[in-house]
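Input: a single structure, listed below in structure tokens.
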Amino acid sequence: MSSDPNVLLLYRNIAKRSAGSAIGLGVNALHSVRVLRRAGVHVEAAPVAEPADVRARLLERPHVTHCVLEAPWVTRDPMAELLHAFPKVHFLVRSHSQIGFLQVEPGAIQLLRELLVLQDNALNLSVATNSITLKRFFETAYGGHTLYLPNLYDHERVARRRDAAHTSRTLRIGSFGALRLLKNHTSAAAAALMLAKKRGCDLEFFVSVENDTMGGAAVLDALRRMFAGLSWARLVECPWQNWASFRHTVAGMDLCLQISMTETFNLTIADAVAEGVPCVVSPAIQWAPDHWKAETDRLEDIVRIGASLLDGREGARDGLEALHCFVADATRRWLEYLGGPPARHVSAA
């Protein structure tokens, strides 16, 4: 790199959960730190709750050159104050959602539009997305340049390799992640029930349970009703776990499903891949192997692909190779951004 960046990744953490709870942006920051440190970048991550915390973190670290705010949450006026107070720090605000998911966070849409204008009037601000689709939307609709900086994922750990087809009487399928409407957990559950019935298996269907306010109670109620009274199928409600514990949970699955209607990266599927678990996903998870992908409402396709992955030996390996390729490209893009003037990369695709 042509410079010596000192990076501070800040993620908002105001949820009232236990210290061991897995917070998505915090887990993402952990992976980013591990991958960038391995590449020789001086980087650390920290939680914040308010703009004042951002200022305090920067005052504690006078050598920071880049401050990455994971997700848009600092509003325009406090952001402008930070830009003025720390003119030698380059701020990056990074969105983690597709426009489809942002319909449940309309304030984030407005804020991203305001930040696109603010970056044109400042020398030390860039707006970034982890999705090519969202980047192209903002540039086409609003004329605001955005960086494309994909998620980083630390896959340099021992993966549990699958070397045999599934033959057990019990089939363990996971549909992990937030209980949000657009995650489409009921379609995943329906496909899992059909798959188990066709294979003559008992089913354990795992979901994450948390205090989610975006339709989570209704989703969980629907899932409970789908499994009520079935002697051969059981809904397993997993408490929200820290990342290390979740790795052990997902490693126990025979198959994972993520039939999301909208996604960008999806950490839970990356975790499954890294633990050697094959997955059926929607086309929204673009980095996954094409033969893993099924349309969100085509239950027979989900069942067919799931059965093929359970009967084969190479599915998990294909997923790991796809993840390796994605992370290699993402790492290159991050190093390009950190290694030169930010303006040089604002429209890099």
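A few points about this structure:
- Residue list for region 322-349, filter: loosely packed, with under 14 Cβ neighbours inside 10 Å, modelled with pLDDT of 95 or more and more than 17 Å from the chain's Cα centre (by Cα): Arg332
- Total residues in region 122-154, condition in a helix (DSSP H, G or I) and either touching a helix residue (DSSP H, G or I) at 6+ places or on another chain (Cβ under 8 Å) or of a type in the set (Lys, Arg) (or both): 4
- Selection status of Tyr148, touching a strand residue (DSSP E or B) at 6+ places or on another chain (Cβ under 9 Å) and closer than 20 Å to Val33 by Cα: yes
- Those strands (runs of 3 or more DSSP E) lying entirely in region 185-290 with at least 1 residues over 21 Å from Glu314 (Cα atoms) and of a type in the set (Lys, Arg): 233-239
- Any hit, region 312-327, residues being closer than 18 Å to Thr186 by Cα and in the same structural domain as Met194 (by TED's automatic domain parsing): no
- Qualifying residue in region 66-73 (condition: touching a strand residue (DSSP E or B) at 6+ places or on another chain (Cβ under 9 Å), among the acidic types (Asp, Glu) and either over 21 Å from Val27 (Cβ atoms) or surrounded by 20 or more Cβ atoms within 10 Å (Cβ to Cβ) (or both)): yes
- Close pairs (8 angstrom Cβ cut-off, 6 or more residues apart or separate chains): more than 17 Å from Gln98 (Cα to Cα) in region 133-156, in a loop (DSSP other than H, G, I, E, B) and not small (Gly, Ala, Ser) anywhere: Tyr153/Phe265
- Among the conditions (1) modelled with pLDDT under 95; (2) within 26 Å of Ile173 (Cβ to Cβ), Ile305 misses just one, which is (1).
The values are calculated or read from the model by the stated rules, or taken from the named source; none is laboratory data. Please read these numbers as outputs of a predicted model, since none were measured by experiment. Don't worry about glycine lacking a Cβ; one is built from the backbone with ideal geometry, like all the others, and counts go over all protein chains shown.
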